[in-house]
Amino acid sequence: MSTIEPRTFEPTRRVLADRIILVTGAGAGIGRAAAQTFAAHGATVILLGRTVEKLEAVYDHIVAQGDPEPLIQPLCLLSAKEDKYLEIANAIDVQFGRLDGLLHNAGILGPRTSISNYPTSSWQEVLQVNLTAPFELTRALLPLLKKASDASILFTSSGVGRRGRAYWGAYAVAKFGTEGLAQVLSHELEDVSSIRVNCINPGATRTTMRAQAYPAEDPATLKTPEDIMPAYLYLMSSDSAGLSGRSFDAQDR
Ligand code: NDP
């Protein structure tokens, strides 16, 4: 097992060569940067997201760079049902026969309000997109991940998923759940497969969600999604094989 610090990982140009990696929320923000970065390091990326035009723009960027041609998988994590996840798993199985990486990145913020004012409908939506959908997608894809030699499942957490903070409501609760799901799954898989399961907290990063959460903040003071990619590359590459059940930070902040 490697002891490298993910944040300072120095990837080789082809560190993800021949790996098949699915990224959720691949059309914007951190997911877009991850998809483009993984492709730039040799991976064939399955771009999953709810807005096809955004996924197409990422596709065009990757192809224009001369990187492996990605696939577009439109899916709304709020409304998707089990049959859709199984359909996606079947399509990947037919095309590739395995899956080497799964980055659960898509998420929504929900209302920044107190528990006493939190609408039940918003609560259910945030838990659905941020926690239940990753669980269902993972369950459907596990047979394909088991077919890879050293697959990596990476869940996206947050600082408020480790210590609760006022007015973060269902978002924080879902991130606590994400950390729990990753730990449970990691433990279940440790003696029966080579799949590793970890969490990553991106930290304060210049995206639409961050601007929504902190409207008064100057985005120029924040790391960009591209800045935080070393940790993502490390956790998706064979360099992190054997490392499981951990929760990492992608940056200091
Ligand atoms: P963005 O809002 O920029 O991007 C979120 C992505 O999730 C978009 O691609 C969006 O698609 C997609 N998405 C949202 N709802 C759905 C849905 N129902 N179905 C499918 N896709 C959906 O957020 P970030 O890039 O900032 O966040 C990425 C992850 O990082 C999230 O899990 C977030 O919680 C976490 N995080 C971010 C931090 C930050 O500072 N930015 C800090 C800590 C954690 P579309 O563009 O089509 O709406």
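A single member of Ala166, Ala106 is more than 16 Å from the chain's Cα centre (by Cα) and at pLDDT 95 or above, and it is Ala166. Based on this model, can you work out whether Glu10 counts as modelled with pLDDT under 95, away from the ligand (no atom under 16 Å from the Cβ) and either surrounded by fewer than 19 Cβ atoms within 10 Å (Cβ to Cβ) or not in a strand (DSSP E or B) (or both)? Spelling it out, Glu10 is indeed modelled with pLDDT under 95, away from the ligand (no atom under 16 Å from the Cβ) and either surrounded by fewer than 19 Cβ atoms within 10 Å (Cβ to Cβ) or not in a strand (DSSP E or B) (or both). Out of Leu137, Leu141, Leu154, one residue alone is within 14 Å of the ligand (Cβ to nearest atom), in a helix (DSSP H, G or I) and modelled with pLDDT of 95 or more. It is Leu137.
In segment 33-133, which strands (runs of 3 or more DSSP E) lie fully inside it and hold 1 or more residues that are small (Gly, Ala, Ser)? Strands (runs of 3 or more DSSP E) meeting the threshold: 44-49, 101-104.
Restricting Val45, Val58 to residues that are in contact with a strand residue (DSSP E or B) (Cβ under 8 Å, 6 or more places away or on another chain) and within 12 Å of the ligand (Cβ to nearest atom) narrows the list to Val58. Here Glu53 does not qualify as touching a residue at least 40 places away in the same chain (Cβ under 8 Å), loosely packed, with under 14 Cβ neighbours inside 10 Å and within 16 Å of the ligand (Cβ to nearest atom). Looking at segment 176-221, which of its residues are of a type in the set (A, V, I, L, M), free of Cβ contacts under 8 Å to residues at least 24 places away in the same chain and over 26 Å from Leu99 (Cβ atoms)? Result: Ala211, Ala216, Ala220. Residues in segment 86-108 that are buried (at least 19 other Cβ atoms within 10 Å of the Cβ), within 20 Å of Ala182 (Cα to Cα) and of a type outside the set (Gly, Ala, Ser) were compared, and the one that is nearest to the ligand (Cβ to nearest atom) is Asn105. Taken over segment 75-91, the criterion of being in contact with a helix residue (DSSP H, G or I) (Cβ under 8 Å, 6 or more places away or on another chain) and more than 18 Å from Phe135 (Cα to Cα) is satisfied by no residue.
The values are calculated or read from the model by the stated rules, or taken from the named source; none is laboratory data. These numbers come from a predicted model, not from an experiment. As a convention, Cβ positions derive from the backbone with ideal geometry for all residues, glycine included, and neighbour counts pool all protein chains shown.
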